[in-house]
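S.K.: Below is one structure. I have some questions about it.
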Amino acid sequence: MIENVIIFVLAALLGTEVLTKVPQTLHTPLMSGANAISGITLVGAVIAAGMSDAWWAQALGFGALVVATINVVGGFLVTDRMLRMFGRKRSASASDSSSS
Amino acid sequence: MTPSIELAYLLSAVLFVLGLKRMQTPPTARSGNALASLGMFTAVVATLFVHDVLSWPLLLAGVLTGGAIGTVLAVRTPMTSMPELVAVFNGFGGAASAFVASAEIAQYLQGSRLVDASTYSPTLAVVIGVSLLVGMITFTGSLVAFGKLQGLLSGNPITFPGVAFVTGLLLLAGVVGIVLMALGAPELTTDPDITLYAGIGIAASAALVGLFLVFPIGGADMPVVVALLNSYSGLAAAATGFILDNTALIVSGTLVGAAGFMLTMQMCEAMNRSLANVMLGGFGGDGATSSALDIPEGKSVQETSPQDLAILATYAERVIIVPGYGLAVAQAQHAVRELADRLQSKGVDVRYAIHPVAGRMPGHMNVLLAEADVPYEQLFEMDEINSAFSSTDVALVIGANDVVNPAAREASGSPIAGMPILDVDDAETVVVIKRSLSPGYSGVPNSLFYQDNTRMLFADAKEAVSETTEAVKGL
């Protein structure tokens, strides 16, 4: 337990250090990317749903598995979708914009 | 756990850190996201070797269902709805942690072969309880945030006298539940009911805490709430890591917790309000309540038209565009980019000034403008550009209100006093595109609208900008 507390404190310091430098422009992708990472609970879901012989644990684990996978897959994909927009060179034509 | 699995988890934690580090600049950010997803893949594959997989069909069904739903949400959701999507994903993260914590209780109560009942300790009970508590708060809080962002719930604060007190009591009930679980830990095998009912009690009270925590918070404070719930979803994952004694979960959950908390504090700073002030809520509304075009006595408004704006902007040297939530509502980002293109082709220097809390989540405006292909080099943060307004010919305010309200500098009694604002009134001419004179979300009338150098263009943002573009073409 105490090792885990040490890891927790060091990770918090590391996270603050790495993340304070993220510019405002990237705050939304940072949030959705970080959110995808928090879907790491998927690991716990895999253990509960796939490796247990207690059916209540399997059922609850299955629920965890579905929502955690949504979080992971959806989170990484949508972050990539946003970052693709930030990275691309703008096209010369402005014709795709909407006019009403 | 064998050392090779531990090392795989370490590798995935390292990939998460490196991935987040690459999020610091737009050119490297995409590869950072790819690194982080590689880290996730590593962690999941390693997990398959922790124990024997008993039920492959269940695993595959869960992953395929979740993967399909996640893909559809990620691909189909329009960029204007990103705040809603991020809120929903936060909620799912919290729900996953609550589910895993519940499943862990179930393992012990049903005597699963995965666990050894003699290792169930009060410490473990506390960790499970905390994971359940934080996970459920994140889940229901995010649902309310989603409802408010989506317009299913009123953007106005939904509150009643003593709401903070009730929330405090409910939170206390959750803590009592955790204590009961810890006390019941030694008697798990002889008297499992304490653990079961304490767990249900924690989940129920935490669900209500999440609701009452976000109900009283108004629409424009959502950037803070979304960032805070993001932080909670990370802490919930870290708590799950303590349950499973898993380094990958603790490290990555904590990183996310730190990221969310840092953003939360930056948002509060940008409004000159404490986190407590935001969370206790009851601040402002959507600003749509006051009557549309009432001009206060002794003040006058100068109106302008798209044609006049076109002339003004085309013959300007420097134009700064200030977008706000109204731009997102009107989905005017493409129209704005087109106007900027036209002006630039006429030799006008066009830049964008983005206030940290413009929109409904951190970085909201940046994402919208990126979608419309505005290069990020043209987007400037408040501190970078504020000194430039005095040498700017036209400041074009589109759907922003409180973040350009000079009352924040002057009136010390006003709710927005001391909030850092964009100094648009330093520009030679300010043009405000807005439907009415109604005050912003803070409810504070905007004195900018009545200044001598301000011109009001009463219209829908998208229509007004498109008409201006047409007029610029003709010049």
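The values are calculated or read from the model by the stated rules, or taken from the named source; none is laboratory data. No experiment lies behind these values; they were computed from the predicted model shown. Neighbour counts are summed over all protein chains in view; Cβ atoms, including those assigned to glycine, are modelled from backbone coordinates with ideal geometry. Surface areas here come from the heavy atoms of the whole protein model, side chains and all, with no ligands, DNA or RNA. Shrake-Rupley method; radii C 1.70, N 1.55, O 1.52, S 1.80 Å.
S.K.: Can you find a residue in the stretch A:45-56 that is charged (D, E, K, R), touching a Ser or Thr at 6+ places or on another chain (Cβ under 8 Å) and open to solvent by 10 Å² or more (accessible area, probe 1.4 Å)?
M.R.: Step one: list which residues in the stretch A:45-56 are charged (D, E, K, R), which gives A:53.
Filter once more, so that each one left must be touching a Ser or Thr at 6+ places or on another chain (Cβ under 8 Å): A:53.
Keeping just the survivors that are open to solvent by 10 Å² or more (accessible area, probe 1.4 Å) gives A:53.
Within the stretch A:45-56, one or more residues are charged (D, E, K, R), touching a Ser or Thr at 6+ places or on another chain (Cβ under 8 Å) and open to solvent by 10 Å² or more (accessible area, probe 1.4 Å).
S.K.: Out of the residues in the stretch B:111-139 that are over 37 Å from the mean Cα position of the chain (by Cα) and surrounded by 17 or more Cβ atoms within 10 Å (Cβ to Cβ), which is farthest from B:G253 (Cα to Cα)?
M.R.: B:S112
S.K.: Here is a follow-up. Does the stretch B:87-107 contain at least one residue that is among the aliphatic types (A, V, I, L, M), open to solvent by 10 Å² or more (accessible area, probe 1.4 Å) and out of contact with any helix residue (DSSP H, G or I) (no Cβ under 6 Å at 6 or more places or on another chain)?
M.R.: no
S.K.: Going by the structure shown, is B:R22 open to solvent by 60 Å² or more (accessible area, probe 1.4 Å) and in the same structural domain as B:F139 (by TED's automatic domain parsing)? Walk me through it before giving the result.
M.R.: Working: open to solvent by 60 Å² or more (accessible area, probe 1.4 Å): yes; in the same structural domain as B:F139 (by TED's automatic domain parsing): no.
No, not satisfied.
S.K.: Confirm whether B:G284 is modelled with pLDDT under 95, away from chain A (no Cβ under 14 Å) and in a helix (DSSP H, G or I). Even if it seems obvious, please write down each step before you answer.
M.R.: Working: modelled with pLDDT under 95: yes; away from chain A (no Cβ under 14 Å): yes; in a helix (DSSP H, G or I): no.
For B:G284, the condition - modelled with pLDDT under 95, away from chain A (no Cβ under 14 Å) and in a helix (DSSP H, G or I) - is not met.
S.K.: In the set A:L60, A:L42, A:L14, which member is under 22 Å from B:L10 (Cβ atoms), facing another protein chain (nearest Cβ under 7 Å) and surrounded by 24 or more Cβ atoms within 10 Å (Cβ to Cβ)?
M.R.: On the way: A:L60 fails: under 22 Å from B:L10 (Cβ atoms); A:L14 fails: surrounded by 24 or more Cβ atoms within 10 Å (Cβ to Cβ).
Checking each option against the conditions leaves just A:L42.
S.K.: Further, regarding this structure: Tell me, please, whether a residue that is among the hydroxyl-bearing types (S, T, Y), in the same structural domain as B:Y352 (by TED's automatic domain parsing) and part of a loop (DSSP other than H, G, I, E, B) can be found in the stretch B:364-384. Spell out the reasoning first.
M.R.: Initial filter on the stretch B:364-384 (among the hydroxyl-bearing types (S, T, Y)): B:376.
Filter once more, keeping what is in the same structural domain as B:Y352 (by TED's automatic domain parsing): B:376.
Filter once more, so that each one left must be part of a loop (DSSP other than H, G, I, E, B): none.
Looking through the stretch B:364-384, none of the residues is among the hydroxyl-bearing types (S, T, Y), in the same structural domain as B:Y352 (by TED's automatic domain parsing) and part of a loop (DSSP other than H, G, I, E, B).
S.K.: Run B:T195 past the list (1) in contact with a Gly (Cβ under 7 Å, 6 or more places away or on another chain); (2) modelled with pLDDT of 95 or more; (3) open to solvent by less than 10 Å² (accessible area, probe 1.4 Å) and report the number of the one that doesn't hold.
M.R.: All conditions pass for B:T195, except number (2).
S.K.: Also: Hey, can you tell me all the residues within the stretch B:168-212 that are part of a helix (DSSP H, G or I), of a type in the set (S, T, Y) and either in contact with a Ser or Thr (Cβ under 7 Å, 6 or more places away or on another chain) or under 18 Å from B:A106 (Cβ atoms) (or both)?
M.R.: First pass over the stretch B:168-212, keeping only residues part of a helix (DSSP H, G or I): B:168-187, B:193-212.
With of a type in the set (S, T, Y) added as a condition, the list becomes B:195, B:197, B:205.
Listed by number, the residues that qualify are B:T195, B:Y197.
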